Every structure is written in C-alpha cells, then in structure tokens.
Amino acid sequence: MPLSARGRQVADGLRGVTSGVSAGVLGCEVVRHDELCVGCGRCVAACPTGAMRQDDWFDPAQLFSAPVESGRGALAVALRRIARHEPSGPFRVPERILTFRGILFSADLCAGCGACVRACPTGAVEACSVPVADVDGASRTPVPAGACA
Amino acid sequence: MRVTAACEAGAIPPRDRTEEAAPAGDAVRALLCECAGTMAGNIDFDVLEQELSRGAVTVERRAMWCGREAKGRLVELLDLGDAAGRVLLVGCSSDFAARRLQGLTDRGLHLEAADIREGCSWVHGDARDTVTDKALRIAQAAIRFPARRQRRVALRPSADRVAVVGAGVAGTQAAVELARMGHPVELLERRPFIGGRATAIGAVFPTGDCGPCLPATAAQSGVRKCLYRNVAVDHPNLRIRRRTTVQSVTGRAGDLTLQVRSLPEMVGSACIDCGLCEAACPVPGPGGRATAIAGEVYDGRVLRSIDLDSCTFCGACAEVCPVDAIDLTPEAALEELHVGAVVIATGCEPAPGNLVSHLGYGRPHVMTQVELAEKLDSWRELSWLGRAPARHLVMIQCAGSRDERRLPYCSRLCCMIAIKHAIRLRELFREMRVTICFQELRTPGARDETWYLAARRAGVEFVRGSPATVQIDGDGRPVIDVEDIGAAELRRLRPDLVVLSTGLVPTEESAAVARLLGAPLDGDGFVAQLDAKNRTTETRADGVFVCGSASGPKTVAESITDAAAAAARVHDYLTAGGRQDVCPVTVDAARCVGCAACVGVCPFGALALVDRTAVSPRPANVLPDAQVAAVAVDACRACGICAASCPELAITHALDDDTLLSRLRMLAGGVEGPVVGFTCAECATATFNLSGQRRDRYPERVRLIELPCLGRISALHLVEAARLGAAGVFLAGCVEGRCHYQRGDSSAAEQVALATELVTQMGRTMPIEQWHLCAVDHTGIGHRLQDFCDRVDETQAAAGRKRELSPVGER
C-alpha cells in the first residue's frame with residue numbers, strides 16, 4: 001500500500017525517532033503519525049522484533065498536534081487556555097499511566113512485516129514496502145525466519 | 001436511556017433487569033429547606049428562593065422538609081410519580097436526607113439532594129453574601145447539571161445451584177448449610193473421601209478431641225456428630241462428587257458452567273465393609289499403605305477406595321467381593337454443572353520440605369508437626385508398652401516461616417499445634433523431655449493462653465531462641481545450637497527427635513481453581529478476600545466465594561464459622577438478586593478506537609473488545625475491522641476509572657465530563673482563588689458530612705465536588721480547575737488500599753501526577769494533593785482545610801514573586 005500524502009511528507013523528512021526505513025529482510029518504510037497515536041502500545045505488543053518500544057517519557061507537544069475532538073486534543077485545548085508559556089519539553093510519565101507515552105521506533109530492528117500497521121487502532125502507523133536494494137545493506141540485521149506475521 | 005455498545009453488538013448479553021422509567025420532561029422541583037432556622041444566620045433564603053425560581057424550576061420553601069406536615073406533601077409528590085419531575089432537596093446532605101426520609105425513599109420517592117447545610121451554612125462564618133452565593137451555586141450545580149439518572153438493575157443469578165470446591169471441614173460445612181437453606185449443592189472433592197486435613201491430624205485444638213465432626217442438626221442427638229454419621233451430610237439437596245476436579249469454567253457471574261472430571265468410584269454402595277478385598281489385593285498402595293484398595297478411617301461413608309495410581313486392575317478384589325460391589329470397568333467421566341455461585345474451600349497444606357531443609361528436614365530423626373500428628377495415635381500403643389519413641393524431643397517454631405526468603409508470613413496455628421502436641425507427648429510419655437524453641441509464642445485470647453499455661457504445668461520446656469540450622473553428628477543424631485535469650489546463654493541441645501513447626505501454604509488446587517474462576521490471589525498465594533474486614537468470605541470475582549483456609553490458615557473452629565458465614569453470603573447472593581442501583585457506563589462507538597486502555601484499567605473486568613457490527617459508526621481514521629470496547633452491564637460497578645482513562649473520551653459515565661466540568665465551573669465561580677476539593681462518594685464524603693454536622697468551620701473558598709470514586713477524575717478535570725483560577729486542588733478518597741473500587745485511588749494518583757506535570761509545564765502553579773480519609777478523621781477536617789488553604793496561599797505567593805523576578809516567557 002503506498003503512503004498517504006501526509007505519510008509521504010513525514011517520510012521525506014524522516015525524523016528517525018518514531019519513523020524510519022526498515023533495514024529488515026522485507027524492506028519497508030514505517031511512518032508514524034504522532035498526532036493520531038494514543039500511545040496504547042498495541043503496536044509494541046504486535047511487533048515481533050521489538051522495533052516498537054513504549055517510551056517512559058512523554059512530549060506534551062504531541063498533545064498539541066492531536067485532533068481537537070480527541071481526548072488528547074481536548075486536553076491540549078484546556079492546556080492552551082492556562083498556558084503562560086510553551087511547554088518545556090518531555091517529562092517522565094507516572095509508571096502506571098499507559099496512554100500518555102511516546103512510541104519509539106528503531107528502524108534497525110524492524111523486519112518490515114507490517115504487524116504494527118495492522119495492530120494500530122487509529123491508523124497512526126503507516127508502512128509501504130521499498131525495494132530491498134534501496135535499503136542500506138550495511139545496517140541490515142538478520143531476522144529469524146517466521147518472525148514476520 | 002442509551003443502550004450500551006455491548007448490548008448493541010450483542011456480544012455480552014445483559015442479565016434480566018428491570019429498568020425504571022425515565023422522569024418525564026425536564027421539570028425540576030426544588031424543595032428548599034431552612035432546616036428549622038439553623039441556616040438563617042448566614043444564608044439569605046429570600047435571595048436563594050428568588051434566584052432558584054428562575055427558569056423551569058418550581059421552588060417549594062419550607063422551614064423543615066422532614067417535619068410531619070412536609071412529609072404529607074412528600075407523599076403527594078410520591079403519588080404524582082414522574083409527573084412531579086425531578087425532585088431535589090436543597091438542604092442537608094443526601095446521606096442525612098436519606099435517613100430522615102427513609103420511609104418515603106423506600107416507597108420509591110427518588111430524591112436528589114444539594115447540600116447547603118453541612119456542606120455550606122453550618123461550616124462557614126457570618127459572611128452572609130459569600131455564604132448565600134456559595135449555597136446558590138451548590139443548588140444550581142445540582143439543579144442545572146444532573147448526573148444521568150441511576151438505572152436500577154436487579155441482577156438475578158439464573159441458576160440456584162451452588163458448587164463447593166473442596167470437601168474439607170469448611171467445604172462440607174458450607175455445603176451442608178447451603179443444602180439446608182434450600183439450594184441444590186454440588187460438593188466437589190479431589191480425593192476419594194471427605195473431611196480433608198482434619199481427618200489426618202487426630203486431635204485438634206481448642207477442644208482436644210478429633211477434628212472431623214460437624215454440628216449436629218436439630219433432628220439429631222448431641223451437639224456434634226462425626227462426618228460419617230452426621231445426617232446433615234445426607235441432605236437430599238447435597239450431592240457429593242468424589243475424585244472430582246474442575247476442568248474449565250465458562251459463562252458469566254451468576255450463571256457459570258463448570259466442566260468437571262470425575263474419576264470412577266469403582267467400589268459401589270453395595271459394599272458391606274467386610275475387608276476381603278483388602279486381604280486379596282496384591283499391590284502395595286501409596287505412602288506406605290499395604291494395599292491399593294483400602295478403607296478410609298474417618299470418612300465412614302466411603303468404606304473402601306481404590307488408589308488409581310497404584311492399582312494394576314488385576315481384578316483380584318472384584319473376584320473375592322461377596323456382594324459384587326467392585327466394578328473396575330468405568331472410565332473417567334466429564335460432566336457440565338450449571339451453577340449460580342461457587343465456593344472455593346480448597347484449604348491449605350503444610351509447607352513443602354524444601355523450605356525447611358536448612359533445619360535438617362529429610363534426614364532421619366527430623367519430622368514436621370503434621371507427620372508427628374499422624375504418628376501420635378500409633379505411638380499410643382508404645383506408651384502402653386512403656387517405650388518412649390524418644391528421650392528428648394525438640395520442637396522448632398516458625399520453621400521456614402516469617403522469613404523473607406522462605407514463607408514471609410505467620411501461619412497463626414503452628415504455636416497452638418506445637419503446644420497441643422507437647423502436652424499430648426508429656427501425657428503419653430512421662431519421662432520424655434519436650435523442649436519448644438520459639439521466637440515469639442502466639443497464643444492470643446484467654447482460651448489459647450490456657451493451653452500455654454497447661455503446657456508449662458505439664459513440664460514442657462520453653463526456650464526463647466530460634467536455631468539457624470539443625471546439624472547432624474557422626475552418629476546421625478541431630479545437634480541444635482540455640483541462643484537462649486531468656487537465660488542469655490548459648491545452649492547445645494542433642495535431642496533424639498526434632499519436630500519442625502512448618503507454616504501452611506495454599507494448596508496447588510486453590511490457585512488452579514481460583515484462576516479458572518477469575519478470582520485473584522493475594523501476595524501470599526491465598527485466595528484474595530473482597531474486603532479484609534467486611535467481606536472476608538467473598539472473592540473479587542462476582543459470585544465466587546471463599547471459606548476456610550483457602551483464604552489464609554484457619555483452625556477447625558474458625559473454618560466451621562467461616563463456612564457458615566460464606567453460606568449465608570451465597571444464599572443472600574442467590575436470593576436477593578445481587579447488586580442494585582448500578583448505572584453502567586456507555587461506550588460511544590463513533591469515538592472508540594479500540595485501543596483497549598479501558599480493558600486494562602477496569603478493576604472488575606467489565607470491559608472487553610468486541611467486533612464492530614457493520615452498522616455501528618466508527619472514528620474516521622480507524623480501520624474497518626477495528627474492534628470496539630463493550631461494557632458488561634452486570635460486572636460494571638460504575639466507578640468511572642475507564643472514563644477517566646479513555647484517551648478518546650469515548651466512554652460516558654453517569655456523571656459525564658460535561659456535567660462534571662459544568663459543576664466545576666459553577667462551584668469554582670464567585671470567589672477569588674477557589675480551593676477545589678473532589679471527594680469520593682464513600683469514605684471521604686462520610687468524613688466531610690460528619691465534620692459538617694459538627695459544624696467544624698473552614699473557609700468559604702473551599703468548594704467540594706462529589707465523585708462516585710476518585711477514579712473518575714482525569715487530568716482534564718484538574719487542568720480545567722487550573723483554568724478556573726483554582727489556587728489549589730485536593731482529592732479526598734478512602735484510606736490507602738481501601739478504595740471501594742480497588743483501583744480508583746491509584747488511578748487518581750496517576751492522573752494527579754500527570755496533571756501536575758502538565759500544569760507546571762504551562763507555567764502555572766496549582767498544588768494538587770491527594771488525601772486518604774476515613775470517618776474518624778472528621779474531627780480534624782476544619783483544621784486540615786484551613787491548613788491546606790494557608791499552604792496553597794504561600795505556594796502561590798512564592799510563585800508570584802518568582803514570576804515578577806523573571807518575566808521572560810510570559811504571554
């Protein structure tokens with residue numbers, strides 16, 4: 001499946017922390033839309049290689065890009081109203097809160113199987129396959145057979 | 001009334017429920033109560049009446065709404081039914097009103113309450129305008145922003161049958177009680193005989209006679225009867241299934257299907273106990289028993305049973321049986337039982353030997369108290385022959401117990417068991433020296449202390465000191481080095497026999513059955529009680545009960561009491577129709593993305609992901625096959641933790657976000673720097689009401705908002721409080737670990753941590769505290785609130801000074 005226009009835009013300026021080009025056997029471009037992500041971690045659970053990881057930190061900036069009608073958006077609107085200045089940056093999330101966490105993506109672990117895309121309930125993960133030749137061979141990690149869903 | 005997504009999807013069918021009709025229209029009738037003039041000092045009722053009358057509100061003002069005349073009017077309103085509209089008492093707290101007008105509420109008068117008495121007038125000073133404004137806001141918040149009407153759900157388990165798992169003393173007694181109450185009971189026992197551990201240990205304390213007897217029924221002579229001759233066990237409602245284990249459990253609370261596997265009995269009821277089979281059996285049985293077919297001494301009901309692991313099915317027993325009672329052909333049978341409730345009575349067992357290997361267990365001359373108990377009866381013969389099995393016997397208390405690396409807890413019974421055995425040994429063998437090494441002896445209560453004193457009189461030697469190891473010398477005799485704390489000296493004991501008082505651990509079966517039934521275990525592996533003080537015979541799984549040692553080591557006496565208590569609870573559960581007045585939450589399928597955050601936080605497992613129906617709406621970016629969360633109406637306790645945790649605001653609680661935020665805006669207004677307090681409807685509200693009834697004063701700027709549970713609070717509400725200029729916020733809930741909804745307390749703590757971080761990031765200062773209160777704290781509420789206000793002001797002043805010094809970054 002080709003990337004959406006927005007996905008292409010993100011992919012062109014791949015940030016490396018939450019999106020990236022897979023180095024796995026199934027070459028694949030994984031793009032995450034942080035604004036749609038609710039941080040539920042279903043992609044983390046689905047990922048067979050551990051390329052998706054739930055962060056202990058959360059960047060409030062992620063709230064402010066969320067759609068206004070979502071819970072995160074509503075919280076962002078409320079926060080805007082009380083803001084004296086811009087948020088000062090990522091903070092460590094209380095241990096048991098599961099939904100306010102960033103999701104980190106490690107491209108060098110990704111096998112390109114697409115399990116995360118199927119697992120994501122909000123469509124915050126997109127992926128499109130890229131020819132294997134395009135993938136930087138040097139950073140390729142072997143993936144055990146059958147690891148891809 | 002909205003139908004829950006679950007019912008819509010048809011995934012989790014609701015139980016039979018009777019719904020109350022919704023009130024007609026939006027008409028509101030405010031019953032303004034002056035409480036016999038006790039509020040006249042600081043509330044201007046004319047203003048209140050005038051202001052409340054605006055809009056579609058009918059105000060009926062009286063000096064006292066709980067007086068006799070007023071009650072006549074309330075009866076009229078009751079008769080009007082829904083035509084009366086929403087009836088709202090503006091006066092005392094709902095708790096107080098409910099008690100004063102109980103007769104009417106019992107007859108069906110649905111009365112909401114806005115507390116302007118112990119929540120306002122009685123706790124404030126003479127500032128008439130401010131107090132009147134606050135009272136008006138309290139009334140308006142309740143009138144204009146109602147919570148969704150509580151739906152009455154009468155839950156009725158659909159099966160009257162009860163399964164009791166485990167036929168020890170507790171299980172058998174619970175089964176007998178339930179059968180006598182009229183419930184069909186299935187008593188499931190893994191072993192071929194009933195009576196459990198009590199049958200193996202001979203005499204028990206505190207009585208000193210044997211264990212396996214149950215209370216006699218009124219129809220029998222005497223006060224107790226042995227299991228095998230107690231006709232209570234023969235009740236027609238009671239079916240005993242021996243050699244039966246639970247394989248799987250399906251269904252929902254109140255209507256469970258247990259699949260049970262029964263091994264064949266093989267020896268039928270024709271058996272006349274002649275014993276010819278035992279003589280003919282060529283195969284040795286388990287545990288040193290001579291034959292694979294044997295009689296169970298204590299369970300006189302099963303005359304002979306065959307150990308299926310050792311039996312070779314040679315047929316020798318069947319051949320010699322004169323009444324053809326033995327049939328070796330049947331196979332294990334699977335059967336399904338439909339039950340409304342399950343009682344877990346799987347008991348406990350002695351700690352495994354590896355926990356006491358450091359004390360020499362496994363070597364000759366070292367045994368446990370349980371092994372000693374089994375030997376005591378056969379030793380009696382030795383005493384007649386005048387031969388003691390040992391000259392010196394040492395008992396070591398807390399063997400492997402109260403030790404972080406082994407058993408961390410105290411099993412409570414071991415001290416009494418040791419004392420009981422020590423006395424018995426001294427009675428049987430006058431020359432035997434019996435020493436008990438202990439850390440602390442736990443013989444609480446007058447009766448148990450008597451046993452201790454009796455042991456001293458009987459010549460039992462007590463040494464305070466706990467040996468670290470038991471060594472074995474060259475002759476294979478135990479050597480114990482113990483520091484005698486009482487005599488302040490190191491002593492070396494060279495006993496002939498060492499008896500270890502090991503702790504008691506839950507049976508393996510306990511954990512397996514509890515897992516199948518969805519009942520969680522506590523930290524020590526016993527079945528967790530719903531409430532350690534008030535609901536000790538219930539588990540956290542609805543319709544699953546626990547009694548006896550399955551929830552922690554108990555004496556035979558305690559087990560019998562516990563079993564009767566559990567039976568009464570089960571009867572109540574099966575007949576009273578379970579819970580009532582439950583208002584479940586609803587899931588908006590158009591917003592739910594199916595992230596399962598709610599599934600993880602619900603303490604009652606009431607939420608699950610189900611497939612979407614083709615017609616149900618879904619959020620724009622969600623995949624067509626994405627699942628949706630669904631509420632199981634009968635499991636939901638309406639705490640609101642899910643609604644607070646939903647990242648998409650897809651879950652609507654009876655007290656929905658709009659109502660809660662509107663109330664917050666209404667109450668936080670009209671005052672400079674309000675201090676907002678969220679209280680849970682349970683312990684915290686009780687504390688504040690009691691405090692208010694004592695007229696314990698606190699500042700008017702404290703504004704209280706009642707939540708069903710603190711779990712309802714989300715970071716959004718706290719940020720909104722900051723927007724409204726709240727100087728500080730406190731959350732008052734139950735005592736730590738005593739949340740009525742298990743996790744509401746910790747859920748609130750997380751939301752507070754999150755909100756504090758976010759609010760601080762935005763450059764605001766708003767202290768948020770979480771308090772753990774219970775009703776005895778009511779004497780200090782006024783002081784606590786005043787103190788909090790002072791602290792908040794200090795923090796705000798300090799923050800203000802800091803901002804003046806560094807205005808960079810200001811907007």
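The values are calculated or read from the model by the stated rules, or taken from the named source; none is laboratory data. Everything numeric here is computed off the predicted structure, so don't read it as measured data. Counting neighbours? That spans all protein chains shown, and the Cβs are built from the backbone with ideal geometry, glycine included.
Quick one: which residue in B:A113, B:A135 is assigned to a helix (DSSP H, G or I) and in the same structural domain as B:A30 (by TED's automatic domain parsing)?
B:A135
For the subset of the stretch B:383-398 comprising residues that are in contact (Cβ under 8 Å) with a residue 24 or more places away in the chain and more than 38 Å from the chain's Cα centre (by Cα), which member is nearest to B:D209 (Cα to Cα)?
Filtering the stretch B:383-398 for residues that are in contact (Cβ under 8 Å) with a residue 24 or more places away in the chain and more than 38 Å from the chain's Cα centre (by Cα), the one nearest to B:D209 (Cα to Cα) comes out as B:S383.
Taking the stated definitions as given, is B:E769 in contact (Cβ under 8 Å) with a residue 24 or more places away in the chain and more than 14 Å from chain A (Cβ to nearest Cβ)?
For B:E769, the condition - in contact (Cβ under 8 Å) with a residue 24 or more places away in the chain and more than 14 Å from chain A (Cβ to nearest Cβ) - is met.
Looking for whichever is over 30 Å from B:V223 (Cβ atoms) and among the hydroxyl-bearing types (S, T, Y) here; the options are B:T561, B:T613. Which one fits?
B:T613
Pull out all pairs, ordered by first then second residue, where Cβ-Cβ is under 9 Å, the residues are six or more apart or on different chains, the first lies in the stretch B:351-367 and is among the aromatic types (F, W, Y), and the second is part of a loop (DSSP other than H, G, I, E, B).
B:Y361/B:G400; B:Y361/B:V470
So which of B:E720, B:E706 is part of a strand (DSSP E or B), under 22 Å from B:L136 (Cβ atoms) and not assigned by TED's automatic domain parsing to the domain that holds B:R591?
B:E706
Out of all the residues in the stretch B:744-754, is one or more more than 9 Å from chain A (Cβ to nearest Cβ) and farther than 18 Å from B:P708 by Cβ?
No; the residues of the stretch B:744-754 include none that is more than 9 Å from chain A (Cβ to nearest Cβ) and farther than 18 Å from B:P708 by Cβ.
Which of the residues that make up the stretch B:729-743 are of a type in the set (D, E, K, R) and either within 13 Å of chain A (Cβ to nearest Cβ) or crowded, with 22+ Cβ neighbours inside 10 Å (or both)?
B:R743
Got a sec? Which of B:I641, B:I651 is within 13 Å of chain A (Cβ to nearest Cβ), under 25 Å from the mean Cα position of the chain (by Cα) and surrounded by 23 or more Cβ atoms within 10 Å (Cβ to Cβ)?
From the options B:I641, B:I651, the qualifying one is B:I641.
Is it the case that B:R117 is within 28 Å of B:A566 (Cα to Cα) and of a type in the set (D, E, K, R)?
Here the answer is no, as B:R117 does not meet what is asked.
Here are B:D572, B:D611, B:D588: which of them is acidic (D, E) and more than 14 Å from chain A (Cβ to nearest Cβ)?
On inspection, the qualifying residue turns out to be B:D572.
In the set B:T536, B:T502, which member is under 23 Å from B:V343 (Cβ atoms), touching a residue at least 24 places away in the same chain (Cβ under 8 Å) and not hydrophobic (A, V, I, L, M, F, W, C)?
B:T536
Which of the strands (runs of 3 or more DSSP E) contained wholly in the stretch A:46-141 include at least 2 residues that are more than 14 Å from chain B (Cβ to nearest Cβ) and modelled with pLDDT of 85 or more?
Per the criteria, A:52-54, A:103-105.
Tell me the residue from B:V759, B:V776 that is farther than 30 Å from A:R80 by Cβ and not in a loop (DSSP other than H, G, I, E, B), please.
Exactly one residue qualifies, and that residue is B:V776.
Suppose we keep only residues that are surrounded by fewer than 19 Cβ atoms within 10 Å (Cβ to Cβ) and of a type outside the set (S, T, Y) within the stretch B:772-781. Which one would you say is nearest to the other protein chains (Cβ to nearest Cβ)?
Among those residues, the one meeting the criterion is B:H772.
Can you tell me which of B:F688, B:F678 is hydrophobic (A, V, I, L, M, F, W, C), part of a strand (DSSP E or B) and away from every other protein chain (no Cβ under 14 Å)?
B:F678
Looking at (1) within 14 Å of chain A (Cβ to nearest Cβ); (2) closer than 24 Å to B:K134 by Cα; (3) touching a Phe, Trp or Tyr at 6+ places or on another chain (Cβ under 6 Å), which one does B:A726 not meet, given that it meets all the others?
Every listed condition holds for B:A726 apart from (3).
Which condition from (1) more than 14 Å from every other protein chain (Cβ to nearest Cβ); (2) part of a helix (DSSP H, G or I) is the one that B:G600 breaks?
Unmet condition: (1).
The rows are residues; the columns are (1) surrounded by fewer than 22 Cβ atoms within 10 Å (Cβ to Cβ); (2) not assigned by TED's automatic domain parsing to the domain that holds B:T435.
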position: B:R456; (1), (2): yes, no
position: B:E461; (1), (2): yes, no
position: B:D481; (1), (2): yes, no
position: B:E489; (1), (2): yes, no
position: B:P495; (1), (2): no, no
position: B:V498; (1), (2): no, no
position: B:L521; (1), (2): yes, yes
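Look through the stretch B:46-67, keep the residues that are out of contact with any strand residue (DSSP E or B) (no Cβ under 7 Å at 6 or more places or on another chain) and of a type outside the set (K, R), and return whichever of them is surrounded by the most Cβ atoms within 10 Å (Cβ to Cβ).
B:C66
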